[in-house]
Amino acid sequence: MQSLRLRSGPLHPKGLSLGQRIAYLEGVMHWFNNVPRLVLMLMPLSYGLLGIIPILLNSEAALTLLLPLWGLQVLSLGWLNRGSRTAFLSELTGWVLTVPLTMTVLSNLIGRIGGFRVTPKHQRRDRGSTSVELLLPLLALVLFNLVNLQGLLSNASDLPDQVLAGRPVGLVWGVINLLSLIVAVRACWDPAAKDLAPWQKLQMEAWIEDDGGHRYPCCITALSESGVKIAYSRSPLPWVASSKLRWCQELPALPVILTSKTDTEALLHWGDLARQDRYSLIRWLFCRPGCWVDRQAPQEGRALLALLRRLIAPPKRGPFSPSLIPQHPPARQASTHP
């Protein structure tokens, strides 16, 4: 937004076409969307707190006009962005940041330009953290919405006739706002990560070998910088101090340490890796040609259910169920083991 005042900003330079100016200007103007979003967050409070209808809209008009428009917007978003994101999950970030971004927009409009602050890039993930600046406005809005809903439910006889007519719309609007705010409050808490390394979802043949010349076939199902999860049909696999895992020609056999096991699965951590071996492992994990999957966002219904489920029951991550990032397996290679 500060660029609007600069001579080199999107409005002033010569030689730009109208289309180019509009394209550059969009990068500034989209921040103003936070102002109407905050207004829409506050509008349903007038039903129960002030006894005022913010929009003359009854239940029939909401079902025949507003609901189709909203549904069309939700469905068209996925079509326009080719399934790269969902409306519900994208809106969550907007709810979390609406209040501070609106204050920033208004401050810039009246000429109060703050200094540039670099976003922290090296926060520790092994400790839980929360943002008080983001959390406090959301908690205040949650409180106001609860009082608003209580007023709509308990003082129905005291409400004006117009408010009573719009009461169903106010209740639905207030409940949607309340649920969205609670999800946004939950998003302000960043839990501590037990394992800082991302795990890749893979399906590859491998084998365990040791200094005694023994080799045992297995299958890699998940892989990371910190360890590997394997599945096997032979139970139990014998483990010795010299056990190593091999699965491709680009990497040597890497030492592994047994952490947990079941009758068909084992969770292994890497042993004492040489520096060059660790660099080679990282390059294989993240820089292998064609390894990354073109991921599609879930459908809107599934995204909404995932948000509500995460709100009610946070996922439990055990040693055998880490959060996995899908990857393409490498091209099949000629086996080098008997």
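Results for (1) touching a Cys at 6+ places or on another chain (Cβ under 9 Å); (2) at pLDDT below 90; (3) surrounded by 16 or more Cβ atoms within 10 Å (Cβ to Cβ), shown as yes or no for each residue.
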position: Asp210; (1), (2), (3): no, yes, yes
position: Arg215; (1), (2), (3): no, yes, no
position: Thr221; (1), (2), (3): no, no, yes
position: Ser224; (1), (2), (3): no, no, yes
position: Arg234; (1), (2), (3): yes, yes, no
position: Trp270; (1), (2), (3): no, no, yes
position: Arg275; (1), (2), (3): no, no, no
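Among all residues of the stretch 153-173, there is none that is at pLDDT 85 or above and either on the phi > 0 side of the Ramachandran plot or among the polar types (S, T, N, Q) (or both).
Filtered by the rule that a residue be open to solvent by less than 30 Å² (accessible area, probe 1.4 Å) and not in a helix (DSSP H, G or I), the stretch 172-196 gives Cys188, Ala193. Within the stretch 252-264, can one find any residue that is modelled with pLDDT of 90 or more and within 29 Å of the chain's Cα centre (by Cα)? Scanning the stretch 252-264, I find no residue that is modelled with pLDDT of 90 or more and within 29 Å of the chain's Cα centre (by Cα), so the answer is no. Within the stretch 119-133, identify whether any single residue is of a type in the set (A, V, I, L, M, F, W, C), at pLDDT 80 or above and more than 17 Å from the chain's Cα centre (by Cα), and answer yes or no. Looking through the stretch 119-133, at least one residue is of a type in the set (A, V, I, L, M, F, W, C), at pLDDT 80 or above and more than 17 Å from the chain's Cα centre (by Cα). Show the residue pairs meeting these rules: Cβ distance below 7 Å; 6+ apart or different chains; first residue within the stretch 81-98 and within 10 Å of Ala297 (Cβ to Cβ) and at pLDDT 75 or above; second residue of a type outside the set (A, V, I, L, M, F, W, C) and assigned to a helix (DSSP H, G or I). What qualifies is Thr86/Gly78; Thr86/Glu300; Ala87/Glu300.
Annotation note: Cβ proximity below 8 Å between a residue of the stretch 127-151 that is more than 23 Å from Val172 (Cβ to Cβ) and in contact (Cβ under 8 Å) with a residue 60 or more places away in the chain and a residue that is assigned to a loop (DSSP other than H, G, I, E, B) and open to solvent by 40 Å² or more (accessible area, probe 1.4 Å) (sequence gap 6+ or interchain) occurs for Arg127/Ala192; Gly128/Pro191; Gly128/Ala192; Ser129/Gln123. Among residues of the stretch 1-21 that are among the charged types (D, E, K, R), those with a beta-carbon under 7 Å from a residue that is open to solvent by less than 50 Å² (accessible area, probe 1.4 Å) at least six positions away or on a different chain give the pairs Arg21/Pro10.
The values are calculated or read from the model by the stated rules, or taken from the named source; none is laboratory data. Because the structure is predicted, anything quoted here is derived from the model rather than measured. Cβ coordinates were reconstructed from backbone atoms using ideal geometry, including for glycine residues, and neighbour counts include every protein chain displayed. Ligands, DNA and RNA are excluded from the accessible area calculation, which covers all protein heavy atoms including side chains. Shrake-Rupley method; radii C 1.70, N 1.55, O 1.52, S 1.80 Å.
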